[in-house]
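To start, the structure under review is shown below, and the notes come after it.
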Amino acid sequence: MRPTPSGARLDLRLYFHTEGGKEGRWLSVAVTDADDNQIGPLLPIDKQDGIGPYFGVLAAKAYEVAEAKRTKPPRR
């Protein structure tokens with residue numbers, strides 16, 4: 001994650017595949033670094049109803065990291 005004044009930035013790239021999955025269509029998510037290099041393998045999501053929960057889990061983990069990386073203190 002790249003630090004920002006209010007938290008941190010994580011770049012995601014979404015790939016929409018039109019064939020090859022169990023039901024034909026599937027989505028994969030790639031995490032990229034500040035130089036646009038892919039970090040780790042593509043994360044497949046083969047069912048549309050899995051998209052929301054995936055981002056919910058990601059956000060739950062990322063907020064704690066973002067708080068630690070922010071470059072300006074939070075307003076109180």
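The values are calculated or read from the model by the stated rules, or taken from the named source; none is laboratory data. Computed from a predicted structure; not experimentally measured. Please note: Cβ atoms are built from the backbone with ideal geometry, for glycine as well, and neighbour counts cover all protein chains shown. Side chains included, ligands, DNA and RNA excluded: accessible areas come from the protein's heavy atoms. Shrake-Rupley method; radii C 1.70, N 1.55, O 1.52, S 1.80 Å.
Tabulated data for the structure shown
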{"item": "Formal net charge of residues neighbouring residue 70 (Cβ-Cβ distance under 15 Å; K, R +1; D, E -1)", "result": "+4"}
{"item": "Heavy-atom accessible surface of the chain: percent carbon and sulfur, 1.4 Å", "result": "54"}
{"item": "Percentage relative contact order, the chain, counting C-alpha pairs under 8 Å, at least six apart", "result": "37"}
{"item": "Cut-off under 5 Å, modelled amide H: who pairs with residue 8 long-range", "result": "none"}
{"item": "In the chain, lysine pairs closer than 24 Å at Cα, eight or more apart or cross-chain", "result": "4"}
{"item": "Structure-derived P(r) over Cα pairs in 10 Å bins from 0, in percent - corresponding label in (1) 15, 32, 25, 20, 8, 0; (2) 21, 58, 20, 2, 0; (3) 17, 40, 28, 12, 3, 0", "result": "(3)"}
{"item": "Residue 39 accessible area, assembled protein chains, probe 1.4 Å, Å²", "result": "90"}
{"item": "Neighbourhood charge, 13 Å Cβ-Cβ cut-off, centred on residue 30 and excluding it, Lys, Arg +1 and Asp, Glu -1", "result": "-2"}
{"item": "Listed residues 69, 61 arranged by accessible area, highest first, probe 1.4 Å", "result": "61, 69"}
{"item": "Assigned charges on the beta-carbon of Lys, Arg, Asp, Glu; the chain dipole about Cα centre (debye)", "result": "540"}
{"item": "Computed label-point distance, nm, for sites residue 18 and residue 49 using a 7 Å Cα→Cβ extension", "result": "2.7"}
{"item": "The chain: GluC sites (Glu not before Pro) in DSSP loop, at most 11 other beta carbons within 10 Å", "result": "23"}
{"item": "Å² per residue, accessible surface of the chain at 1.4 Å", "result": "78"}
{"item": "Listed residues 18, 32, 4 arranged by accessible area, highest first, probe 1.4 Å", "result": "18, 4, 32"}
